[in-house]
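Okay, structure first, notes after.
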Amino acid sequence: MAKQKMKTHKSAAKRFRVTKNGKIIRRKAYAWHKTGKKRRSTLRRLKVETEVKACDKDRVLRMLGKK
């Protein structure tokens, strides 16, 4: 019997992307709801994309079907 391919975790595919250099990029939390209460500087900081931490990298790659 042939080994089946692992399916991509669709919600993870919408939240993460892999760059050409192999970094995994994600958006920051708390950026889009209840923004009237937050300072403008806080919102600017939250809009910046950031890299996934090394401890979570293997798990995210497995969900994306890259590993």
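The values are calculated or read from the model by the stated rules, or taken from the named source; none is laboratory data. None of these values were measured; they are calculated from a predicted model. Because the Cβ atoms are built from the backbone with ideal geometry, glycine has one as well, and the counts that use them run over all protein chains shown.
General observations
- Hits in the stretch 26-57 (condition: within 14 Å of the chain's Cα centre (by Cα) and β-branched (Val, Ile, Thr)): Val48, Thr50, Val52
- Total residues in the stretch 30-41, condition surrounded by 10 or more Cβ atoms within 10 Å (Cβ to Cβ) and either at pLDDT 95 or above or assigned to a loop (DSSP other than H, G, I, E, B) (or both): 4
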